[in-house]
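What follows draws every value from the coordinates through simple rules; no lab data is involved. None of these values were measured; they are calculated from a predicted model. With ideal geometry, Cβ positions are generated from the backbone for all residues, glycine too; neighbour counts draw on all protein chains shown.
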């Protein structure tokens, strides 16, 4: 794999933060600690200085598992458009602290008021807990739209990795339930079909940052029951994809999930939806979160800003 040299440094940092082991060799708690060390403790090394916001506020929304933490970002020049963001981490790791620099950048690039959601994590809370929380968060943002300065008719959803899966799922569920209306969806290197193995999972079995065994480990934590993998709430590609809002789907060349993302974009397009698909060459899973180490990260953020801002 012809990974660009700065990302080789990111790979070294990732291995060092996890004691040189891959995610699939760690316990869930060890994996969470490793990700936090990388994305929070070394945030400046990865992202540079965080983008300034006009205001950032942490709130709690009522949810099935108890109060759910949501962090809201108002950019320096906010529009009235909102964005509900679901962080990555394989449904096992990650959180709103780990996604902080990322959400600041998206808010700054797009002008949207970003609401970052701390949904429940597996294995303590397996499927469908994260889906339930994602739906509750979307409903809460829509209900509180006026007080947040958000136009209820201009709410988008977005996510990276596991968060992209959740964004795709809540978009369909909201359509089926008659609202809230979702204006557009941003899906960054997500997994969309657990019913079969895609060629990239074999080709990129030894991929940097996230390999095929890591993906399987995360799926096993989140979907312990085999039949759940056929549920469209876990595998959105298996659901009815007609009548969905415009989507920007971003995939990375060196990612076991690459072909799932491209297959989902193709399925959305075949169902009559507006889709923009972009594969970023020589990039691994998670490259967007490595702004100072990836030459493509800034280009991806600019594309996201244009998509969400127009």
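Here are the numbers for the structure shown:
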read-out	value
nm² value of the averaged projected area, convex hull over the Cα atoms of the stretch 20-125	7.3 nm²
Sequence-separation-based contact order of the stretch 116-272, relative, with Cα cut under 8 Å and 6+ spacing, percent	26 percent
Packing-based order for 109-121, 173-185, using average beta carbon neighbours within 10 Å, highest first	109-121, 173-185
Mean Cα-pair separation over length for the chain, i.e. relative contact order, pairs under 8 Å, 6 or more apart, %	19 percent
Contour excess over end-to-end distance, with Cα ends at residue 195 and residue 270 and 0.36 nm allotted per residue	25.0 nm
Residue 27 versus residue 79: modelled label distance in nm, points set 7 Å from Cα along the beta carbon direction	4.6 nm
Per-pair calculated FRET efficiency, R0 = 45 Å: residue 230 and residue 147 via Cβ, rounded to 0.05	0.70
FRET efficiency estimate (nearest 0.05) - Cβ-Cβ, residue 242 to residue 97, R0 45 angstrom	0.75
Label-point separation in nm, residue 40 to residue 295, each point 7 Å along Cα→Cβ	3.4 nm
Equivalent ellipsoid semi-axes, the stretch 5-309, via Cα gyration tensor eigenvalues times 5, rooted, Å	26, 22, 19
Rounded to 5, percent antiparallel among DSSP beta bridges of the chain	30 percent
